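Engineer: Below are the structure tokens for one structure; questions will follow.
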Amino acid sequence: MTVGKVFFRIGDKDFWCSASSVASANHDLVATAAHCAYDAKQGKAASYWIFIPGYNKGETPYGIYVGHSLNLHESFVGRGDYDYDYAFVTVHDGFVWKPGKTAGTYEMQTVGSLEDNVGGQGLAVNRGVRLYTLAFGYPAAPHIDGSRPYDGQQLKSCDGLTTRQQAPTRLVEEGIALKCGFTAGASGGPWLIGYDTKHAVGYLNGVNSFTWDTNTDRIYDQISSPYFKMSTFIVYRWAASQRVS
């Protein structure tokens, strides 16, 4: 299970998002939305950033992975450009909590690298639109009308063909969109093409970035992602080559 939740803090506020493991030379790489790791308005990176693959109702079946280094495109850092709302975060080897030798105590036990435990998605860039895509995430927030179909405790998915998305007021000039009713909390979850349902792997071609109410009925019905291109691959390549101590 490569998809999971990330938990982090910016300033004195706690947040969560969605993310996925990505295949890499260092075997410890996570892809998510840039805004799930960096606040462009404050110019602050998240702290206490952890990834829990396979998260389900509080369970941590494959361990907990603490963030090591954050890799972003300079256009998101410099001006919050959501055409570059993606991040590749290297993580330390995972751990689980095991009962200690004394009653009521727990000990940290190392479980090894992220990719060795859950695998990793491939990366696809410059693939165009009208692609059959599966999007995953842990939506939790209410719709605009206050209805709340999700609680963020279980993984959800949407699928369909992607289209182009532009919204200059949100600094989205080269986005792609997918019909989906996700709400906040799903941000950072993977968009996968060429998905093999038997092995639960495919190619990462986007991440959940914005939610949209295109029908103006106060219900979110569309999500968007930055379009992955060569600049995405360059950020990924740099992150994938880093050594994680």
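Engineer: Determine whether the range 208-220 contains at least one residue that is crowded, with 24+ Cβ neighbours inside 10 Å, assigned to a strand (DSSP E or B) and among the hydrophobic types (A, V, I, L, M, F, W, C). Full working, then the answer.
Structural biologist: First, pick out the residues of the range 208-220 that are crowded, with 24+ Cβ neighbours inside 10 Å: 208-209, 220.
Keeping just the survivors that are assigned to a strand (DSSP E or B) gives none.
No; the residues of the range 208-220 include none that is crowded, with 24+ Cβ neighbours inside 10 Å, assigned to a strand (DSSP E or B) and among the hydrophobic types (A, V, I, L, M, F, W, C).
Engineer: Please verify whether the range 138-150 includes one or more residues that are surrounded by 14 or more Cβ atoms within 10 Å (Cβ to Cβ) and assigned by TED's automatic domain parsing to the domain that holds Ala46.
Structural biologist: No, because not a single residue in the range 138-150 is surrounded by 14 or more Cβ atoms within 10 Å (Cβ to Cβ) and assigned by TED's automatic domain parsing to the domain that holds Ala46.
Engineer: Something else: Within the range 76-106, track down each residue that is in contact (Cβ under 8 Å) with a residue 60 or more places away in the chain and in contact with a Pro (Cβ under 8 Å, 6 or more places away or on another chain).
Structural biologist: Across the range 76-106, the qualifying residues are Tyr82, Asp83, Tyr84, Asp85, Tyr86.
Engineer: Does Ile193 fit the bill of being among the β-branched types (Val, Ile, Thr) and more than 20 Å from Cys36 (Cα to Cα)?
Structural biologist: Yes; evaluated as a whole, the condition is true for this residue.
Engineer: Now, a different point. Going residue by residue through the range 152-162, is there one that turns out to be of a type in the set (A, V, I, L, M), modelled with pLDDT of 95 or more and not assigned by TED's automatic domain parsing to the domain that holds Ser75?
Structural biologist: yes
Engineer: Also, I was wondering about something else. Give all pairs with beta carbons closer than 7 Å in which a residue from the range 116-134 that is on the phi > 0 side of the Ramachandran plot and surrounded by fewer than 19 Cβ atoms within 10 Å (Cβ to Cβ) meets a residue that is of a type in the set (Val, Ile, Thr) and part of a loop (DSSP other than H, G, I, E, B); count only pairs at least 6 apart in sequence or on separate chains.
Structural biologist: Gly119/Thr2; Arg130/Thr162
Engineer: Do any strands (runs of 3 or more DSSP E) lying entirely in the range 74-141 carry at least 3 residues that are more than 20 Å from the chain's Cα centre (by Cα), and which ones are they?
Structural biologist: The strands (runs of 3 or more DSSP E) meeting that bar are 94-99, 106-112.
The values are calculated or read from the model by the stated rules, or taken from the named source; none is laboratory data. These numbers were taken from a predicted model, which means no experiment stands behind them. Cβ coordinates were reconstructed from backbone atoms using ideal geometry, including for glycine residues, and neighbour counts include every protein chain displayed.
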